[in-house]
Ligand SMILES: [Fe+2]
Ligand SMILES: [Fe+2]
Ligand SMILES: [Fe+2]
């Protein structure tokens with residue numbers, strides 16, 4: 001839908017890393033190291049354009065993304081050494097269904113598979129999968145064994161566990177480029193950062209990827225993803241009726257898509273609490289706006305950012321985090337405020353049934369009369385309530401269907417693997 005000059009391809013990748021760091025910075029760092037080794041190996045092998053290397057590097061950094069769903073990510077040894085399948089499968093499915101990586105996503109499925117077992121595999125990117133598996137093992141063992149680690153240990157398993165070709169390239173790289181040293185002194189970050197300049201997503205791929213970012217919120221709470229989808233489409237319908245131009249609509253779309261992204265850092269039992277939150281917990285909940293701002297700032301278009309972070313502001317200054325007043329808020333920000341409220345009221349919650357249409361309208365009217373939300377936006381919503389909500393709910397149903405589809409796929413891949 002978008003022309004998408006609102007964020008660069010590289011910033012989308014960096015945003016993903018920043019976002020996942022909110023859950024587990026160590027796991028993200030492991031991802032970056034693996035992504036780096038993986039990309040250097042492929043570069044050494046040769047035959048790739050720079051943008052291809054950049055995309056493989058990106059994929060490599062995300063290789064454990066499934067663990068955010070299937071594991072307590074802090075149990076690093078458990079899923080990286082013992083029970084390696086769940087996160088490999090979910091990571092593959094997550095990227096297959098939500099990212100622009102297409103068939104390449106399958107390399108994640110094989111990142112813990114021995115070289116020998118991959119031999120007969122009919123897969124176009126088998127070599128890349130073998131290289132990724134080598135990069136993964138290198139970093140995991142080096143990280144765990146520390147001083148006791150040596151490449152001789154890995155050498156014993158070349159041809160069985162590890163690809164001889166990947167190992168050979170790695171040894172040469174060690175010799176000439178001192179890969180291990182670069183990892184230890186942190187200079188690999190610069191090289192990784194540099195290659196990411198060559199990521200070139202099409203507009204459609206960018207849109208795809210940003211949707212993936214929204215779905216990452218599901219690692220903390222699926223409800224929040226479903227809610228975000230609802231509010232995107234309420235915004236879209238309102239924008240249409242309020243006569244927004246294409247550019248305004250798109251900015252609102254991406255503002256709405258990312259507005260709650262900071263929720264990823266809030267513990268699930270607080271987000272989905274069925275009881276009343278303590279004041280401290282409520283403050284923690286409120287901090288999601290600042291967290292969203294922190295990670296979106298300098299990466300995302302300023303206008304989109306401003307829309308996203310004003311969704312809990314109210315026209316009478318009673319909102320948060322800034323306590324802004326009507327005069328400081330633009331129409332797009334006001335639209336997302338109303339959309340967010342109506343989404344909350346009509347959504348499924350552990351502590352309450354969804355509000356009926358009558359209840360929702362009554363509450364919205366009260367807010368509007370109290371001078372907290374825009375009269376024009378509220379009127380527009382109420383005037384076409386059924387139509388707007390039907391469409392929005394249909395779209396959010398689709399995200400639930402996607403989750404169901406992924407869990408079905410998970411079971412069937414597990415049975416086959
Ligand atoms: Fe893994
Ligand atoms: Fe890993
Ligand atoms: Fe929020």
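The values are calculated or read from the model by the stated rules, or taken from the named source; none is laboratory data. None of the values given here were measured: they were computed from a predicted structure. We place every Cβ from the backbone using ideal geometry, glycine too, and count neighbours over all the protein chains shown.
Being touching a strand residue (DSSP E or B) at 6+ places or on another chain (Cβ under 8 Å), assigned to a helix (DSSP H, G or I) and surrounded by 21 or more Cβ atoms within 10 Å (Cβ to Cβ), is that true of even one residue in the stretch 317-330? Give the steps one after another, and end with the answer.
Of the stretch 317-330, the ones touching a strand residue (DSSP E or B) at 6+ places or on another chain (Cβ under 8 Å) are 317, 325-326.
With the extra rule that they be assigned to a helix (DSSP H, G or I), the set shrinks to 326.
Narrowing further to those that are surrounded by 21 or more Cβ atoms within 10 Å (Cβ to Cβ): none.
No, the conditions are met nowhere in the stretch 317-330.
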Checklist entry - Does any residue in the stretch 331-356 that is under 27 Å from residue 317 (Cβ atoms) come within less than 6 Å, Cβ to Cβ, of a residue that is outside any helix (DSSP H, G or I) and within 14 Å of ligand 3 (Cβ to nearest atom) six or more places away or on a different chain, and which pairs are these? => result 333/310; 336/311; 337/311; 340/311
Checklist entry - Do you know which residues across the stretch 380-404 are farther than 13 Å from residue 230 by Cβ and surrounded by fewer than 13 Cβ atoms within 10 Å (Cβ to Cβ)? => result 383, 386, 387, 401, 404
Item to check | First in the stretch 278-299 and assigned by TED's automatic domain parsing to the domain that holds residue 15, second anywhere and part of a loop (DSSP other than H, G, I, E, B) and surrounded by fewer than 15 Cβ atoms within 10 Å (Cβ to Cβ), Cβ under 7 Å, 6 or more apart | outcome: none
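Output yes when any residue across the stretch 36-55 is within 14 Å of the chain's Cα centre (by Cα) and surrounded by 23 or more Cβ atoms within 10 Å (Cβ to Cβ), and no when none is. If you could, list the steps in order and put the result at the bottom.
Keep residues of the stretch 36-55 that are within 14 Å of the chain's Cα centre (by Cα), which gives none.
Among the residues of the stretch 36-55, not one is within 14 Å of the chain's Cα centre (by Cα) and surrounded by 23 or more Cβ atoms within 10 Å (Cβ to Cβ), which makes the answer no.
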Checklist entry - Mind checking whether some residue in the stretch 84-95 is within 13 Å of ligand 2 (Cβ to nearest atom) and out of contact with any helix residue (DSSP H, G or I) (no Cβ under 8 Å at 6 or more places or on another chain)? => result yes
Checklist entry - What is the number of the single condition among (1) touching a strand residue (DSSP E or B) at 6+ places or on another chain (Cβ under 8 Å); (2) at pLDDT 95 or above that residue 41 does not meet? => result (1)
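Would you confirm, using the coordinates I've provided, whether residue 308 is in contact with a helix residue (DSSP H, G or I) (Cβ under 8 Å, 6 or more places away or on another chain), within 16 Å of residue 15 (Cα to Cα), in the same structural domain as residue 247 (by TED's automatic domain parsing) and modelled with pLDDT under 95?
Details: in contact with a helix residue (DSSP H, G or I) (Cβ under 8 Å, 6 or more places away or on another chain): yes; within 16 Å of residue 15 (Cα to Cα): yes; in the same structural domain as residue 247 (by TED's automatic domain parsing): yes; modelled with pLDDT under 95: no.
Here the answer is no, as residue 308 does not meet what is asked.
Counting just the residues of the stretch 116-132 that are in a helix (DSSP H, G or I), touching a helix residue (DSSP H, G or I) at 6+ places or on another chain (Cβ under 7 Å) and modelled with pLDDT of 95 or more, which one comes out farthest from ligand 2 (Cβ to nearest atom)? Working first, answer last.
From the stretch 116-132, those in a helix (DSSP H, G or I) are 116-118, 126-132; that's our starting set.
Those still in the list that are touching a helix residue (DSSP H, G or I) at 6+ places or on another chain (Cβ under 7 Å) too: 118, 126, 128-132.
Those still in the list that are modelled with pLDDT of 95 or more too: 126, 128-132.
Working: 126: 19, 128: 15, 129: 13, 130: 15, 131: 14, 132: 9 Å.
Going through the qualifying residues, I end up with 126.
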Item to check | Residue tally, condition surrounded by 24 or more Cβ atoms within 10 Å (Cβ to Cβ) and in a loop (DSSP other than H, G, I, E, B), over the stretch 222-275 | outcome: 2
Next on the checklist: Given the options 80, 71, 55, name the one that is within 21 Å of residue 189 (Cα to Cα) and away from ligand 3 (no atom under 16 Å from the Cβ).
Outcome noted: 55
Checklist entry - What is the one condition in (1) surrounded by 13 or more Cβ atoms within 10 Å (Cβ to Cβ); (2) within 24 Å of residue 78 (Cβ to Cβ); (3) without any contact (Cβ under 8 Å) to a residue 24 or more places away in the chain that residue 147 does not satisfy? => result (1)
Checklist entry - What single numbered condition from (1) within 19 Å of residue 244 (Cβ to Cβ); (2) modelled with pLDDT of 95 or more; (3) part of a helix (DSSP H, G or I) fails to hold for residue 395? => result (2)
Checklist outcome for this item: Subset of the stretch 65-111, residues part of a loop (DSSP other than H, G, I, E, B), surrounded by 20 or more Cβ atoms within 10 Å (Cβ to Cβ) and either free of Cβ contacts under 8 Å to residues at least 40 places away in the same chain or more than 18 Å from the chain's Cα centre (by Cα) (or both), comes to 71, 109, 110, 111
Next on the checklist: Testing residue 137 on (1) crowded, with 19+ Cβ neighbours inside 10 Å; (2) within 12 Å of ligand 2 (Cβ to nearest atom); (3) more than 18 Å from the chain's Cα centre (by Cα); (4) closer than 30 Å to residue 400 by Cβ, one condition comes back false. Which one is that?
Outcome noted: (4)
